[in-house]
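Notes follow once the structure below has been shown.
The values are calculated or read from the model by the stated rules, or taken from the named source; none is laboratory data. Being a predicted model, the structure only gives us computed values, none of them experimental. Cβ coordinates were reconstructed from backbone atoms using ideal geometry, including for glycine residues, and neighbour counts include every protein chain displayed. Remember, those area values only see protein heavy atoms, side chains included, never the ligands or the DNA or RNA. Shrake-Rupley method; radii C 1.70, N 1.55, O 1.52, S 1.80 Å.
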Amino acid sequence: MSLDHLWAGWRSSYVSSFEDVGTANGAVGQRPACVFCAIVGSGESEQVKHVLWTGKLTVALLNAYPYSPGHVMVLPLRHTRDIAELEPEESAELGSTVREAVAAVRAAYRPEGLNIGLNLGRAAGAGIPDHLHVHIVPRWIGDTNFMTSVADTRVLPESLGDSWAKLRAAWT
Ligand SMILES: [Zn+2]
């Protein structure tokens, strides 16, 4: 199911700013442009990129298309599409970064539950199938509200900038 967001105009300007960079990189590279590589590799500040934490091999950042406030993604810095292709060190750091993200989301949002997972391939629902990413989504009982079921639209009560500030403060 695809969901339209009420902030679509604002969101598209954020994404297109990085897609321009990705296209420029892809034009001279061997592989198609990747929006994650473009975001991580851009010279923008972590606040602009909505990056929460950068490790040796992995990075945690906010999803620009959040299913709920505090929707975090953790990904390997290396452009890799499959979990089976991860080196042992990447796999280990991915796991520890996911745990840190869960702790930060819990501290910042006090959710009643969390969805944590991977979509491998477009058929499985991956929006960006070429670069592996783990979703961490805080959930509350009743959060699939009437707007979702009736209008196929979600109201996001918080800006990405506010989410970034909250989660940065909560990240240990
Ligand atoms: Zn990539």
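What the table shows:
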quantity: Residues of the range 72-95 satisfying the condition of being away from the ligand (no atom under 14 Å from the Cβ), more than 23 Å from Trp171 (Cα to Cα) and aliphatic (A, V, I, L, M); calculated: Ile83, Ala84
quantity: Selection count, the range 43-67, where residues are more than 15 Å from the ligand (Cβ to nearest atom) and touching an Asp or Glu at 6+ places or on another chain (Cβ under 6 Å); calculated: 1
quantity: Among (1) within 16 Å of the ligand (Cβ to nearest atom); (2) modelled with pLDDT of 95 or more - the single one Ile136 does not satisfy; calculated: (1)
quantity: Whichever residue in the range 67-122 is open to solvent by 80 Å² or more (accessible area, probe 1.4 Å) and acidic (Asp, Glu) and, among such residues, is farthest from Val35 (Cα to Cα); calculated: Glu112
quantity: Failed condition for Ile128, given (1) open to solvent by 40 Å² or more (accessible area, probe 1.4 Å); (2) within 21 Å of Ala38 (Cβ to Cβ); (3) at pLDDT 95 or above; calculated: (3)
quantity: Condition check for Ser13: at pLDDT below 90 and more than 16 Å from the ligand (Cβ to nearest atom); calculated: yes
quantity: Residues located in the range 32-57, provided they are in contact (Cβ under 8 Å) with a residue 40 or more places away in the chain, in a strand (DSSP E or B) and open to solvent by 60 Å² or more (accessible area, probe 1.4 Å); calculated: Trp53
quantity: Some residue of the range 96-112 being within 15 Å of the ligand (Cβ to nearest atom) and either on the phi < 0 side of the Ramachandran plot or not in a helix (DSSP H, G or I) (or both); calculated: no
quantity: The range 139-172: number of residues that are among the polar types (S, T, N, Q), at pLDDT 70 or above and either exposed (fewer than 12 other Cβ atoms within 10 Å of the Cβ) or in a loop (DSSP other than H, G, I, E, B) (or both); calculated: 2
